[in-house]
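Engineer: Got a structure for you, questions after.
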Amino acid sequence: MSFTVRFGEEVDAAYLDKLVPVDQTCYSEEYWGDPQKTVDRYLKNRRSFVFVEDDETGRLAGYINFFPCEEGLYLDNLERCPVIRDDDILPEEVAPYRTDANHLFVISLAVHPDYQGTEVIKLLSNGWVEYLNRLESEGLPITDIVGTAVSPHGKKALVNYLFREVRTLEDGNTVYICDGKLLRHLLAGQLEVRGYKGDMYLLMPMADHRDNLRLENFLEDYRAGHAVLPGTAADRALAEELIDDLKDCIAYECSNEVVGELELAYIGSFDFLQTTDEYSGLEDPAQETVIGHARGHSVLIAHPKTHMYVLCTLLPSFSYSFTQMEDQMSFDYLKVAMPPDVGKCVSALGWRAMMRPAGQEKVEEGKAAGSKGAKGNSPVDDTAEKPLPPDIFFAGYLLEKFGLHTCGNGVCALCLSRKPADLRELQDMLVGEAYHNFEREYCIESECIQQSSCSNRSQFAHYEVYLSQRAVVYIDKKFAPAIEERIDGFADYLFIVILTLFQNTALAKAAKRVTGILEESTNITPETKLIIDREYGATVRFWEMQNFKYLSSQLEAAQLREAFGNQQLHDAYNEQQEYLEHVVASRAAITESRNGMVINFVAILLAVAQLQPLFIELLQGFYQEMGIQAVYAETTINLGILSGTLLLVLVVLVNHRRKRHLEARRY
């Protein structure tokens with residue numbers, strides 16, 4: 001098929017009759033509109049259409065209708081009108097293009113179903129961007145572009161054109177705007193138009209304190225069916241589908257006892273924020289760039305015996321930028337719209353964690369530790385008067401609700417219908433960086449990543465898989481239209497990813513414990529070392545190849561372990577253990593030396609006590625020659641022994657105090 005791109009000024013009003021069959025197949029009847037009103041607006045400003053026409057049949061394959069707004073219509077769309085402004089827009093509300101500013105409004109964007117999946121959308125996009133640039137070259141600047149989405153397809157289209165959410169109307173429709181850097185990227189043709197579909201799985205390794213009761217109580221309620229969870233019945237049904245498929249795979253593929261101790265629980269469904277890599281909400285949540293929200297369903301895979309967990313969140317049919325969400329995962333910037341179960345009574349620690357990412361939270365805690373309250377005995381708590389923003393950090397919610405904290409790097413698993421056409425996009429997927437970034441321009445030149453993007457590490461023919469430490473890119477050659485079928489197919493591989501990630505979690509947890517002890521404690525005993533070894537020993541069975549019954553699963557796990565860098569983590573842990581053993585041995589040597597000194601001191605005292613009569617006898621003879629009464633000889637010897645003992649004790653105490661002072665200055 002061949003197509004021609006046409007523009008509004010190249011056709012007449014009669015040509016607009018071709019819009020009718022496109023509108024009637026793409027929109028519900030309430031949004032068909034009156035053809036005459038469309039003509040009236042067109043006659044007010046003819047430079048308001050881009051068409052794509054089928055050369056063979058003359059049919060209209062797709063179009064976009066846009067025009068500059070007068071100020072009243074612009075404000076109605078942006079903030080004033082509670083419902084959509086659509087076919088009620090009058091010709092006098094359509095403005096001419098001006099040389100100072102032009103606020104455009106996209107009233108309609110449609111591609112006939114017969115041409116969806118063809119090059120029509122690309123031609124339409126390129127034609128529109130070209131037309132906007134032509135306007136700017138004529139001295140008619142584009143200030144911003146507003147559009148209202150009335151369907152999921154409309155939302156997806158506007159997001160692909162780099163629009164961000166502004167508000168949700170009372171009729172359920174969503175207003176979007178493209179401005180600032182987003183608009184510049186649109187005019188540069190840097191669009192999120194992709195040739196694949198897919199689901200996204202966010203895998204977060206987590207741990208909790210052995211005395212944490214919040215999660216234990218939740219799991220008890222969940223087993224009893226009493227847990228109150230955010231999400232609809234349909235949300236829960238989809239999550240239960242994932243749980244059942246993972247359980248089936250684990251039961252069929254695994255035999256190890258430790259795998260049988262795993263417990264799976266649905267903890268809720270959440271709306272995950274999609275933003276840009278500028279992260280403007282970091283300094284001020286009110287300035288957050290909201291591209292949109294994607295519904296995610298979270299399942300906790302728990303091993304209560306070791307207090308280790310992997311949180312798996314499914315974002316089905318993900319319509320936003322995969323690489324941007326990966327970037328947010330890498331940057332610890334996973335935010336969700338305020339869950340309904342976040343009450344008004346939030347702890348100060350939970351409030352701070354929901355307001356800030358994990359890394360910044362540690363910095364703020366350090367600052368708070370140095371600032372005291374009015375009485376000088378506690379950090380200032382400024383959370384009581386401040387409400388939480390509409391989007392909060394997911395890690396903070398997990399900490400407040402369940403007592404869970406992250407433990408190691410997360411992994412994004414992408415289940416795609418086909419491999420990205422641009423190799424650089426695949427490489428960005430593997431490193432967890434935004435493909436179309438706004439903060440700065442870059443291009444990956446890593447030989448390792450280039451090799452990973454060209455190395456299919458699958459052990460089966462029905463899919464391809466590309467791996468890195470941060471991502472699993474799974475290309476399903478039999479990508480099913482139904483999400484339930486896709487979950488069932490991907491679970492065969494996902495459960496191996498999760499079990500391998502448990503190995504990472506075990507190492508990260510042990511390494512974090514060792515690092516904390518080495519940083520904070522100067523009195524490391526063999527008993528401390530034994531506790532650490534015992535905790536790590538409880539996780540060793542996650543490393544056994546016998547976890548998987550079948551050789552193919554063992555081979556898949558080996559590929560994942562290599563990609564995730566498990567051996568490097570293990571080597572780093574062993575180095576920490578060697579250093580810890582050295583510290584313990586040094587401490588034991590110091591203790592042994594101190595004990596030896598005490599023994600020597602006691603031995604000297606005993607030896608002096610044994611020789612006391614001889615010293616008295618010699619001193620008595622000396623006193624008699626000097627004319628001093630001999631009875632004083634015994635008193636002199638006793639006082640000498642006592643004074644020497646006290647002097648030695650004083651020297652030891654001064655030396656010990658000096659060592660402690662030097663250690664305090666060092667740390």
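The values are calculated or read from the model by the stated rules, or taken from the named source; none is laboratory data. On a predicted model such as this, the values are computed, not experimentally measured, just so you know. Cβ placement follows ideal geometry from the backbone for every residue including glycine, while neighbour counts extend to all protein chains displayed. Just so you know, the surface numbers come from the protein's heavy atoms only, side chains and all, with ligands and any DNA or RNA stripped out. Shrake-Rupley method; radii C 1.70, N 1.55, O 1.52, S 1.80 Å.
Engineer: Just the accessible area for Arg210, please: 1.4 Å probe, Å², rounded to the nearest 10?
Structural biologist: 150
Engineer: Which whole-number percentage describes the relative contact order of the stretch 384-467, with Cα contacts under 8 Å and a sequence gap of 6 or more? Before the final figure, lay out the partial values.
Structural biologist: Details: 43 pairs, mean separation 14.2, N = 84.
This gives 17 percent for the stretch 384-467.
Engineer: In square angstrom, rounded to the nearest 10, how much accessible surface does Val11 have for a 1.4 Å probe?
Structural biologist: Accessible area, nearest 10 Å²: 20 Å².
Engineer: Evaluate E = 1/(1 + (r/R0)^6) for Ser28 and Tyr550, where r is the Cβ-Cβ distance and R0 equals 56 Å; express this FRET efficiency to the nearest 0.05.
Structural biologist: On the way: r = 50 Å, r/R0 = 0.88.
Efficiency at R0 = 56 Å is approximately 0.70.
Engineer: Give the accessible area for Met355 in Å² (nearest 10); use a 1.4 Å probe, count only protein heavy atoms, and leave out ligands, DNA and RNA.
Structural biologist: Near enough 40 Å² of accessible area.
Engineer: Next up: Given the pairs Lys44/Lys122; Lys197/Lys509; Lys335/Lys509; Lys156/Lys344, which are separated by over 32 angstrom at their Cα positions?
Structural biologist: Among Lys44/Lys122; Lys197/Lys509; Lys335/Lys509; Lys156/Lys344, the Cα-Cα distance tops 32 Å for Lys197/Lys509; Lys156/Lys344.
Engineer: Using a 1.4 angstrom probe, figure out how much accessible area the stretch 67-194 has per residue, in square angstrom, rounded to the nearest whole.
Structural biologist: Ligands and nucleic acids excluded, the result is 42 Å² per residue.
Engineer: Let me ask something additional. Filter the GluC sites (Glu not before Pro) in the stretch 241-301 down to the DSSP loop ones having no more than 13 other Cβ atoms within 10 Å, then list what survives.
Structural biologist: Here the sparse-neighbourhood loop sites are Glu261, Glu283.
Engineer: Under a Cβ-Cβ cut-off of 9 Å, what is the net charge of the residues other than Gln328 that fall near it, where Lys and Arg count +1 and Asp and Glu count -1?
Structural biologist: On the way: positive: Lys335; negative: Asp277, Glu326, Asp327, Asp332.
Here the count lands on -3.
Engineer: How large, in percent, is the carbon and sulfur part of the accessible surface of the stretch 160-269 at a probe radius of 1.4 Å?
Structural biologist: Of the solvent-accessible surface of the stretch 160-269, carbon and sulfur hold 48 percent.
Engineer: Moving to a separate point now. Roughly how many percent of the accessible protein surface of the stretch 1-102 is carbon and sulfur, given a 1.4 Å probe and a whole-percent answer?
Structural biologist: Values: 2430 of 4880 Å².
Result for the stretch 1-102: 50 percent of the exposed heavy-atom area is carbon or sulfur.
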